[in-house]
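This report concerns only the one structure given below.
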Amino acid sequence: MGERLSIYSTEPDKIRRVLQPAHEELTARGILLAVEVEGRGKAQNLTYVFSPVNQLPDQGCISEFRGRSG
């Protein structure tokens with residue numbers, strides 16, 4: 001999972017900790033509803049549950065987030 005995101009750790013707990021601030025920001029902005037963790041160890045998968053398109057924040061907010069993440 002980490003190598004796909006340029007996170008150079010093979011430990012799932014560390015990868016989740018690195019992603020946690022982004023998860024919290026996306027949730028606070030109303031874009032992300034939940035992050036579901038399935039499995040254990042290196043077989044772990046994260047499933048993202050996003051808000052329905054008609055309930056997303058305004059386009060300016062989404063553009064601002066994309067600009068910071070690139």
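Within the set of pairs 6+ apart or on separate chains, which have a first residue in the range 15-35 that is within 18 Å of Asn45 (Cβ to Cβ), a second that is part of a loop (DSSP other than H, G, I, E, B) and open to solvent by less than 40 Å² (accessible area, probe 1.4 Å), and C-beta atoms under 6 Å apart?
Going by the 6 Å Cβ cut-off, the qualifying pairs are Ile15/Ile7; Ile15/Ser9; Val18/Ile7; Leu33/Ser51.
I'm checking my understanding of the structure. Among residues of the range 37-70 that are surrounded by 10 or more Cβ atoms within 10 Å (Cβ to Cβ) and part of a loop (DSSP other than H, G, I, E, B), which one is modelled with the highest pLDDT?
Gly39
Counting just the residues of the range 25-36 that are in contact with a strand residue (DSSP E or B) (Cβ under 9 Å, 6 or more places away or on another chain) and either assigned to a helix (DSSP H, G or I) or modelled with pLDDT of 90 or more (or both), which one comes out least open to solvent (accessible area, probe 1.4 Å)?
The qualifying residue least open to solvent (accessible area, probe 1.4 Å) is Leu32.
The values are calculated or read from the model by the stated rules, or taken from the named source; none is laboratory data. Keep in mind that this is a model prediction, so the values were computed, not measured. All Cβ positions, glycine included, derive from the backbone under ideal geometry; neighbour counts span all protein chains shown. To get the accessible areas, we keep the full protein, side chains included, count just its heavy atoms, and leave off ligands, DNA and RNA. Shrake-Rupley method; radii C 1.70, N 1.55, O 1.52, S 1.80 Å.
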